[in-house]
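Undergrad: Have a look at this one.
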Amino acid sequence: MTGTAIVTGASRGLGRALTTALAAAGWTVVVDGRTLSISLPGVIPVPGDVTDSWHRARLVDTALGTGRLDLLVNNAGILGPSPRPPLADYSLTALREVFEVNVFAPLALTQLALPSLRSSDGAVVNISSDAAVEAYEGWGGYGAAKAAVEQASNVLAAEEPKLRVWWVDPGDLRTQMHAEAFPGEDISDRPLPESVAPAFVELVTGRPPSGRVRL
């Protein structure tokens, strides 16, 4: 299966790796990012911030300009404060921003995309983390947001049985976000984001039942 996909947060890291892999597999990929610089065959860049409602509408409109929308990958996200504070000291202003980017923006984009995804028997991928299901000190803000993403995905799968909805844990990867999570530490032992891209393409091509997936 190929078609048109939207991938958010494609400036770097996992989003860029997934975009590259989808394009190589024959997909048309509409991508966004606040510092977007990407030039690949089959990739349509739409620079902007996914928390902006006008930008979200432009993403969906751009995808539909290709004739269809088959896949939405909600990858854009932020870690929150670094170093990671304990919940006892977590700024509620910072926590609201983490939820705005990691929970509310992807849900809003999904709502816009759903009519088109329904018509194409499409799929939604929400990028999650093991921090959503494990209790790691210092990961309260990010983990709580990803837990919300997972439950929202679970409910969406129940409400939209004709779609595929996967909440995907890519594992610990060598990305800027992980570098921010461990300031001053060497994270070179983590695999590169490109290492999980083939499993991701296999997921969206094979279309297993909705559910939680670890790449």
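Undergrad: Give region 136-149 a look and list any residue that's assigned to a helix (DSSP H, G or I), of a type outside the set (Lys, Arg) and surrounded by 18 or more Cβ atoms within 10 Å (Cβ to Cβ), or say none.
TA: If we filter region 136-149 for residues that are assigned to a helix (DSSP H, G or I), which is where we start, we get 140-149.
Filter once more, keeping what is of a type outside the set (Lys, Arg): 140-145, 147-149.
Those that are assigned to a helix (DSSP H, G or I), of a type outside the set (Lys, Arg) and surrounded by 18 or more Cβ atoms within 10 Å (Cβ to Cβ): GLY140, GLY141, TYR142, GLY143, ALA144, ALA145, VAL149.
Undergrad: Please tell me if GLY26 is under 16 Å from THR66 (Cα atoms) and assigned to a loop (DSSP other than H, G, I, E, B).
TA: Values: under 16 Å from THR66 (Cα atoms): yes; assigned to a loop (DSSP other than H, G, I, E, B): yes.
So GLY26 fits the description; yes.
Undergrad: Can you tell me how many residues in region 142-191 are under 21 Å from ARG84 (Cα atoms) and either among the charged types (D, E, K, R) or under 17 Å from the mean Cα position of the chain (by Cα) (or both)?
TA: So in region 142-191, the residues under 21 Å from ARG84 (Cα atoms) come out as 142-149, 169-190.
Filter once more, so that each one left must be either among the charged types (D, E, K, R) or under 17 Å from the mean Cα position of the chain (by Cα) (or both): 142-149, 169-178, 180, 185-186, 189-190.
Adding up the residues that qualify gives 23.
Undergrad: Continuing with this model, one more query. Kindly indicate whether any position in region 187-209 is over 28 Å from THR93 (Cα atoms), surrounded by fewer than 19 Cβ atoms within 10 Å (Cβ to Cβ) and touching a His at 6+ places or on another chain (Cβ under 9 Å).
TA: Yes.
Conditions (1) open to solvent by less than 20 Å² (accessible area, probe 1.4 Å); (2) in a helix (DSSP H, G or I); (3) within 22 Å of ALA10 (Cβ to Cβ); (4) not hydrophobic (A, V, I, L, M, F, W, C), marked per residue:
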| residue | (1), (2), (3), (4) |
| --- | --- |
| LEU79 | yes, no, yes, no |
| LEU112 | no, yes, yes, no |
| VAL124 | yes, no, yes, no |
| GLU134 | no, no, no, yes |
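Undergrad: Mind telling me which of the residues PRO191, PRO161 ends up being part of a loop (DSSP other than H, G, I, E, B) and either more than 24 Å from ARG12 (Cα to Cα) or touching a residue at least 24 places away in the same chain (Cβ under 8 Å) (or both)? Write out each step before concluding.
TA: Working: PRO191 fails: either more than 24 Å from ARG12 (Cα to Cα) or touching a residue at least 24 places away in the same chain (Cβ under 8 Å) (or both).
Selected residue: PRO161, the only one of PRO191, PRO161 that is part of a loop (DSSP other than H, G, I, E, B) and either more than 24 Å from ARG12 (Cα to Cα) or touching a residue at least 24 places away in the same chain (Cβ under 8 Å) (or both).
Undergrad: Quickly run through region 163-215 and pick out the residues that are modelled with pLDDT of 90 or more and polar (S, T, N, Q).
TA: The answer is SER195, THR205, SER210.
Undergrad: Report, by residue number, each residue of region 23-64 that is under 23 Å from LEU173 (Cα atoms), touching a Gly at 6+ places or on another chain (Cβ under 8 Å) and crowded, with 18+ Cβ neighbours inside 10 Å.
TA: Hits for region 23-64 are ALA23, VAL29, VAL31, ASP32, GLY33, VAL50.
Undergrad: In addition: Only one residue in LEU79, LEU95 is touching a residue at least 40 places away in the same chain (Cβ under 8 Å) and touching a His at 6+ places or on another chain (Cβ under 9 Å). Which one?
TA: LEU79
Undergrad: If VAL73 passes every condition in (1) touching a strand residue (DSSP E or B) at 6+ places or on another chain (Cβ under 6 Å); (2) under 30 Å from ALA135 (Cα atoms); (3) assigned to a helix (DSSP H, G or I) but one, which one does it miss?
TA: (3)
Undergrad: Listed residues LEU72, LEU92, LEU107; which is at pLDDT 95 or above, surrounded by fewer than 18 Cβ atoms within 10 Å (Cβ to Cβ) and within 15 Å of the chain's Cα centre (by Cα)?
TA: Answer to the selection: LEU107.
Undergrad: A further question on this structure: For the structure I just gave you, tell me whether GLY67 is of a type in the set (Gly, Ala, Ser), more than 16 Å from the chain's Cα centre (by Cα), surrounded by fewer than 19 Cβ atoms within 10 Å (Cβ to Cβ) and modelled with pLDDT of 95 or more.
TA: Against the criterion (of a type in the set (Gly, Ala, Ser), more than 16 Å from the chain's Cα centre (by Cα), surrounded by fewer than 19 Cβ atoms within 10 Å (Cβ to Cβ) and modelled with pLDDT of 95 or more), GLY67 qualifies.
The values are calculated or read from the model by the stated rules, or taken from the named source; none is laboratory data. Predicted, not measured: the structure shown is a model, and the values here were computed from it. Cβ sites come from the backbone with ideal geometry, for glycine too, and all protein chains shown count toward neighbours. The protein model used for the area step is the full one, side chains on, heavy atoms only, and it has no ligands, DNA or RNA in it. Shrake-Rupley method; radii C 1.70, N 1.55, O 1.52, S 1.80 Å.
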